[in-house]
Amino acid sequence: MAEGLRERKKRQTRQYISDVATGLFLERGFEAVTVAEVADAADVSVNTVYNYFPAKEDLFLDRSRGVVDRLSRWVRGRRGGESAASAVLRELREEVESVSPRVGLMDGYAAFMRVVQESPALRSRMWAIGQEVLADLERTLREETGAPAEDPLPTLMAGQINWLHGTVMTEIGHRMVAGGKPPEVSREVLLLLDEMADLLSEKVLNYAVRGAG
């Protein structure tokens with residue numbers, strides 16, 4: 001269904017406020033900028049900012065909304081004969097090999113990560129997002145395998161599979177902040193992914209295999 005004029009204006013306003021806020025945070029640091037200053041720079045009211053972004057952290061981590069269900073989407077989209085962990089490994093390799101900005105392989109990501117590292121509030125929010133990713137993946141694994149609520153296996157498997165994604169994202173962040181260039185970091189992280197895959201047990205690699213039908 002085509003986007004209506006009202007919805008498009010709201011989306012554009014939200015994006016504009018987020019872009020203005022991000023520019024200020026990158027320039028001065030997250031803690032040094034107030035919501036009132038963001039509102040003033042974007043020429044909107046403070047109430048308007050909060051209508052679009054319930055918390056200040058949301059202004060900077062706006063794009064994290066698409067990360068929460070990333071692993072679940074990859075698992076649900078696994079191919080016939082492919083396990084949950086194998087699907088995530090394949091998707092991660094494809095993202096890293098293609099030097100995808102979706103995993104931070106882009107110019108400007110180092111500056112973004114420096115702002116996060118210097119802000120206790122943003123580090124806390126990033127940790128909370130990571131917990132949402134883990135919980136969402138566990139729910140998906142239970143749905144995909146039909147495991148009962150008392151079965152601990154989906155929880156354990158979600159932790160193993162989430163470790164792959166979390167470690168890759170952390171390593172990309174560290175290497176970009178250290179001055180790495182996206183193509184160079186891509187090559188390094190592909191080697192790391194191979195080492196990580198070797199550490200997974202056969203039980204993990206053969207969990208939640210999709211039927212080949």
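The values are calculated or read from the model by the stated rules, or taken from the named source; none is laboratory data. All values derive from a computational prediction rather than experimental measurement. For neighbour counting, all protein chains shown are included, and Cβ atoms are generated from backbone atoms with ideal geometry for every residue, glycine included. The accessibility values were calculated without ligands, DNA or RNA, using every heavy atom of the protein model including side chains. Shrake-Rupley method; radii C 1.70, N 1.55, O 1.52, S 1.80 Å.
Just a few scattered comments:
- Placing unit charges on each Cβ (+1 for Lys and Arg, -1 for Asp and Glu) gives the chain a dipole about its Cα centre, and among GLY104, MET169, THR48 the Cα reaching farthest toward its positive end belongs to THR48.
- When each full DSSP H helix of the chain is screened for a Cα extent of at least 15 Å along its own axis and an average Kyte-Doolittle hydropathy of at least -1.0, the helices passing are 84-97, 120-145, 153-177, 182-199.
- Computed E for ARG102/THR34 - FRET, C-beta separation, R0 30 angstrom, nearest 0.05: 0.50
- When shorter helices are ignored and each DSSP H run of at least 4 residues is given -39500 (n - 2.57), the per-residue value for the chain at 222 nm works out to -22000 deg cm²/dmol.
- Note on region 73-163: Rg/Rh from Cα positions, Kirkwood definition for Rh, rounded to two decimals, is 1.04.
- For Rg and Dmax of the Cα atoms in Å, the value computed from the atomic coordinates appears in the list (i) 21.3, 86; (ii) 19.4, 57; (iii) 17.0, 56 under label (ii).
- Placing R0 at 41 angstrom, the Cβ-Cβ distance between ALA111 and ARG73 gives a FRET efficiency of 0.90 after rounding to 0.05.
- Using a probe of 1.4 angstrom and keeping all protein chains present, the accessible surface of the chain works out to 54 square angstrom per residue.
- If R0 equals 41 Å, the separation of the Cβ atoms of GLN15 and GLU195 corresponds to a calculated FRET efficiency of about 0.60.
- The peptide list 200-207, 5-12, 183-190, put in order of mean Cβ contacts within 10 Å with the highest first, becomes 183-190, 200-207, 5-12.
- Under the convention that each Lys and Arg Cβ holds +1 and each Asp and Glu Cβ holds -1, the size of the dipole of region 1-111 around its Cα centre is about 640 debye.
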